[in-house]
Amino acid sequence: MLDQLETPAVAVDLDILAHNLDAMATYTALHGLALRPHVKTHKSTRIAAEQVRLGAVGLTCATPREMEVMSEVSQDLLLAHPPIGAAKLSRLLTLPLETQLTVALDSSAAIDQITSTSRIMDREVGVYIELDVGMKRVGVATPQQVVDLARQVWRSPPLRFAGIAFYPGHIREPMRDQGPALEKLSVDLAAVLRVLEGEGLTAPVVSGGSTPAAWRMHEIEGLTEVRPGTYVYNDRTTAAIGACSWDDCALTVVATVISTTVPGQVVVDAGSKALGREPMRGGEEEGYGALLDRPDLVVSRMSEEHGIIELGPDADWHPRVGDVVRIVPNHVCVVVHLFDEIHGLRDDIVETSWPVAARGREPLAVSR
Ligand SMILES: Cc1ncc(COP(=O)(O)O)c(C=O)c1O
């Protein structure tokens with residue numbers, strides 16, 4: 001039972017998880033899109049293996065440790081984060097030889113760096129040129145810059161031009177209102193693909209996608225691959241955007257009421273070191289997480305190990321010290337990174353547990 005867990009703990013409803021995995025696999029298959037899910041949300045081989053079983057062509061990672069851990073599950077890994085620096089590059093290029101490596105990058109310097117290491121290791125690496133489609137984080141902005149970098153890759157064996165990548169993280173409006181942003185993305189992408197083709201540099205893969213826009217990715221002309229991550233668990237932000245329903249939120253932070261002494265509030269043992277201090281992005285909502293059973297009640301203030309749920313004057317919720325609550329976090333990926341273990345629930349009973357194997361930064365301690 002949930003009240004036997006030492007809290008704060010993370011619990012995942014196994015049936016909802018299975019539904020979420022299945023729904024994305026079905027959607028992408030239906031639209032002929034290759035699914036390369038981002039593992040940063042779950043960081044677990046158990047879920048990655050299920051994604052591969054359901055048809056994922058490979059996996060997307062953000063860190064060397066994720067690449068190392070996930071090389072046990074898939075032989076086709078993308079590092080969707082510029083691989084800069086000798087230490088990172090050496091970890092990348094010493095992944096098992098059977099792993100097909102691809103990286104996404106956006107600079108000539110990054111190409112130079114990975115060319116040197118891949119030559120020393122005599123190992124082919126696929127390269128996606130990262131395109132900024134509006135988020136203004138990484139990625140080049142113009143078709144000509146994409147062409148210049150793609151040409152540099154062509155001139156730099158054993159690198160291989162594998163395609164282009166983008167992350168539409170700026171599209172966070174409610175799903176039904178995403179039309180104009182997706183249309184603009186489609187037009188901008190088409191312009192880049194046209195210029196590339198004109199230069200004889202057809203992109204074998206066009207990789208994009210996020211969870212907020214996941215269910216409308218088939219509207220993007222030319223897209224061949226999607227990389228959603230958050231969809232496996234979903235969270236309060238994803239539900240607010242409408243990319244999932246509240247009932248699709250598979251992961252909750254289980255917390256215990258530890259104090260009710262201050263009138264008008266309830267204190268639980270999940271603070272910022274369990275929930276993360278992530279604001280709701282793109283919406284009006286306040287707080288750092290909401291109760292699964294009462295989404296109107298939110299954790300509105302936090303210390304590191306205290307979460308304060310303010311009750312309005314008309315509150316009809318009167319928990320007692322020792323009661324257990326389940327909180328849907330604002331941003332699930334950060335929460336997962338804060339815990340060593342996930343508990344899998346069926347009908348509110350802990351059925352299984354698994355490690356968050358790819359959390360942290362340490363090299364995986366295995367001999368290869
Ligand atoms: C490069 C890249 N691809 C894919 C994703 C997955 O997006 P989401 O978390 O919205 O599912 C992310 C998320 O941060 C990302 O940075």
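The values are calculated or read from the model by the stated rules, or taken from the named source; none is laboratory data. Treat the numbers as computed from the prediction; the structure is a model and nothing was measured. Note: ideal-geometry Cβ built from the backbone for every residue, glycine included; neighbour counts use all protein chains shown. Just so you know, the surface numbers come from the protein's heavy atoms only, side chains and all, with ligands and any DNA or RNA stripped out. Shrake-Rupley method; radii C 1.70, N 1.55, O 1.52, S 1.80 Å.
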Within the stretch 306-330, can you find the residues that are aliphatic (A, V, I, L, M) and open to solvent by less than 60 Å² (accessible area, probe 1.4 Å)? Ile308, Ile309, Leu311, Ala315, Val324, Val325, Ile327, Val328
Kindly provide the set of residues from the stretch 75-104 that are touching a residue at least 40 places away in the same chain (Cβ under 8 Å) and either open to solvent by less than 10 Å² (accessible area, probe 1.4 Å) or under 11 Å from Thr117 (Cα atoms) (or both), ordered by number. Leu78, Arg91, Thr94, Thr102, Ala104
Does at least one position in the stretch 243-259 carry a residue that is under 29 Å from Arg301 (Cβ atoms), in contact with a Leu (Cβ under 9 Å, 6 or more places away or on another chain) and among the aromatic types (Phe, Trp, Tyr)? yes
What tally of residues in the stretch 85-102 results from selecting those that are more than 21 Å from the chain's Cα centre (by Cα) and either within 16 Å of the ligand (Cβ to nearest atom) or assigned to a helix (DSSP H, G or I) (or both)? 6
Single match in Leu251, Leu291, Leu275 (criterion: in contact with an Asp or Glu (Cβ under 8 Å, 6 or more places away or on another chain) and open to solvent by less than 20 Å² (accessible area, probe 1.4 Å)): Leu251
Out of everything in the stretch 1-49 that is of a type in the set (D, E, K, R) and surrounded by fewer than 23 Cβ atoms within 10 Å (Cβ to Cβ), what residue ends up being farthest from Glu225 (Cα to Cα)? Asp3
Here are some residues: Ile164, Ile114, Ile120, Ile129. Which one is under 26 Å from Thr94 (Cα atoms), among the aliphatic types (A, V, I, L, M) and open to solvent by 10 Å² or more (accessible area, probe 1.4 Å)? Ile120
Looking across the stretch 31-65 at residues that are away from the ligand (no atom under 14 Å from the Cβ) and in contact (Cβ under 8 Å) with a residue 60 or more places away in the chain, the single one that is farthest from Ile114 (Cα to Cα) is His31
Does at least one position in the stretch 105-113 carry a residue that is more than 17 Å from Arg160 (Cα to Cα), within 16 Å of the ligand (Cβ to nearest atom) and in a helix (DSSP H, G or I)? no
Could you run through the stretch 143-167 and say how many residues are more than 16 Å from the ligand (Cβ to nearest atom) and of a type in the set (A, V, I, L, M, F, W, C)? 8
Taking the options Glu72, Glu68, name whichever one is without any contact (Cβ under 8 Å) to a residue 40 or more places away in the chain and either away from the ligand (no atom under 16 Å from the Cβ) or assigned to a loop (DSSP other than H, G, I, E, B) (or both). Glu72
What number of residues in the stretch 145-185 are within 26 Å of the chain's Cα centre (by Cα) and either in a loop (DSSP other than H, G, I, E, B) or over 22 Å from Asp235 (Cα atoms) (or both)? 24
Scan the stretch 331-362 residue by residue and report those that are in contact with a Pro (Cβ under 7 Å, 6 or more places away or on another chain) and either in a loop (DSSP other than H, G, I, E, B) or open to solvent by 30 Å² or more (accessible area, probe 1.4 Å) (or both). Asp340, Glu341
Hey, can you tell me all the residues within the stretch 208-264 that are more than 9 Å from the ligand (Cβ to nearest atom) and among the charged types (D, E, K, R)? Arg216, Glu219, Glu221, Glu225, Asp235, Arg236, Asp247, Asp248
How many of the residues in the stretch 173-190 are loosely packed, with under 12 Cβ neighbours inside 10 Å and aliphatic (A, V, I, L, M)? 1
Per the filter on the stretch 348-368, residues free of Cβ contacts under 8 Å to residues at least 40 places away in the same chain and within 18 Å of Val10 (Cβ to Cβ) are Ser353
